[in-house]
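Here is the structure we will look at.
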Amino acid sequence: MKNLNVLLLTCILFPIFAWADPVDSCGSEYECIEIGRWDIGLALGYGSRSNPLKDYEDIPIYLAPTFAYYGDNWHFDNGNFGYTLVEDEKYTINLTTSFSNDSAFFRRWDPSNIFLTNNNDLDLKSFSIRTQPTVIEEDQGVPTPDELETRHFTYLGGVEAYIYTRIGILNLSLAHDLLNVHRGTEAKLKWLYNHSIEEWKFELALVLDWKSEEVVDYYYGIRPSESAYWSENFQARSAINTGIELTSHYVLTEHWELLFLARYTQLADEIVASPLLNEDHTSTFFVGTAYRF
């Protein structure tokens, strides 16, 4: 995984040096939503998202709606709001909100399991979640899912920047818990590269996702009421997940597209150390069709 981290850092930081020759962020290889018009769509198909939590089934993907509206300065995108502070040929800076995606592993109706997180990223998720968990042997000293206290959903708010270069788009974001659920902070560094071949469109993304100690402790730590032993022996620390994503879509008509999505996230060692997990990664795939109204 050290090699993967080096690759991610190299590929993400390299676009900074291409600053002098930016791409057109709404060129032929990039899909842009028309200002002043609702973008509504529905993706149907089959896929799966693995769940790293012990005794939780993987998450099947069948359906994913999308609702977005972009005005001159503000936008709404699948439950998230944003306001553009600065817009230039080379970069854009926004105030924005986002969902906490860690809560999606614990909550059936979590927004991250319903909406696409971003129209441009096509990060497909489903609102159909796990089946009922099985029981862990008591002598392991690890609380079962039914014994866990609720890990609540929260809303994040902060600032993000898009930097447009000749070899892709660099996205940086910093967000803090707005609802005082865990009082933590998250930051993301993401590199996006798009390429078109006639009716085929491809997008590659490399991601570094930092989570503060408060975030890791709230979702993956153990409360004293859940297990006195693990509450003392697992000490949460800040963590950086690394990921790679590939999305492709084939344009059939003005409204219909074929979609394929694959993504892999390597969870940080600080998260994998939690007794709640039995996997060190999550992976997602989806194959289907999408209709835009």
| task | Take the residues in the range 202-229 that are surrounded by 19 or more Cβ atoms within 10 Å (Cβ to Cβ) and in contact with a Pro (Cβ under 8 Å, 6 or more places away or on another chain), then tell me which one is modelled with the lowest pLDDT. | result | Ser227
| Exclusive hit being more than 25 Å from Thr97 (Cβ to Cβ) and out of contact with any helix residue (DSSP H, G or I) (no Cβ under 7 Å at 6 or more places or on another chain), set Glu149, Glu226, Glu214 | Glu149
| Within the range 37-69, which residues are open to solvent by less than 80 Å² (accessible area, probe 1.4 Å) and out of contact with any strand residue (DSSP E or B) (no Cβ under 8 Å at 6 or more places or on another chain)? | Asp55, Tyr56
| said: Looking only at helices (runs of 4 or more DSSP H) that lie completely in the range 199-288, which have at least 1 residues being within 27 Å of Lys188 (Cα to Cα) and not basic (Lys, Arg)? | reply: 213-220, 269-272
| Just checking, which of Ser196, Ser283, Ser274 is polar (S, T, N, Q), at pLDDT below 95, within 20 Å of Asn51 (Cβ to Cβ) and open to solvent by 10 Å² or more (accessible area, probe 1.4 Å)? | Ser283
| remark: Taking the range 174-193 and keeping residues open to solvent by 20 Å² or more (accessible area, probe 1.4 Å), closer than 21 Å to Leu95 by Cα and not charged (D, E, K, R) leaves Leu174, His176, Leu178, Leu179, Asn180, Val181, Thr185, Ala187, Leu189, Trp191
| request: Determine if the range 165-173 includes at least one residue that is surrounded by 15 or more Cβ atoms within 10 Å (Cβ to Cβ) and free of Cβ contacts under 8 Å to residues at least 60 places away in the same chain. | output: yes
| note | Picked from the range 59-116 (must be under 20 Å from Tyr155 (Cα atoms), more than 16 Å from the chain's Cα centre (by Cα) and β-branched (Val, Ile, Thr)), the residue modelled with the lowest pLDDT is Thr84
| field | Top-ranked residue of the range 43-58 - restricted to ones that are more than 16 Å from the chain's Cα centre (by Cα) and hydroxyl-bearing (Ser, Thr, Tyr), ranked as nearest to Ile271 (Cα to Cα) | value | Tyr56
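The values are calculated or read from the model by the stated rules, or taken from the named source; none is laboratory data. In this text the structure is predicted, and so the values were computed from the model without any measurement. Here Cβ is always computed from backbone atoms with ideal geometry, including for glycine, and neighbour counts include all displayed protein chains. Protein only, heavy atoms only, side chains kept; ligands, DNA and RNA dropped before computing areas. Shrake-Rupley method; radii C 1.70, N 1.55, O 1.52, S 1.80 Å.
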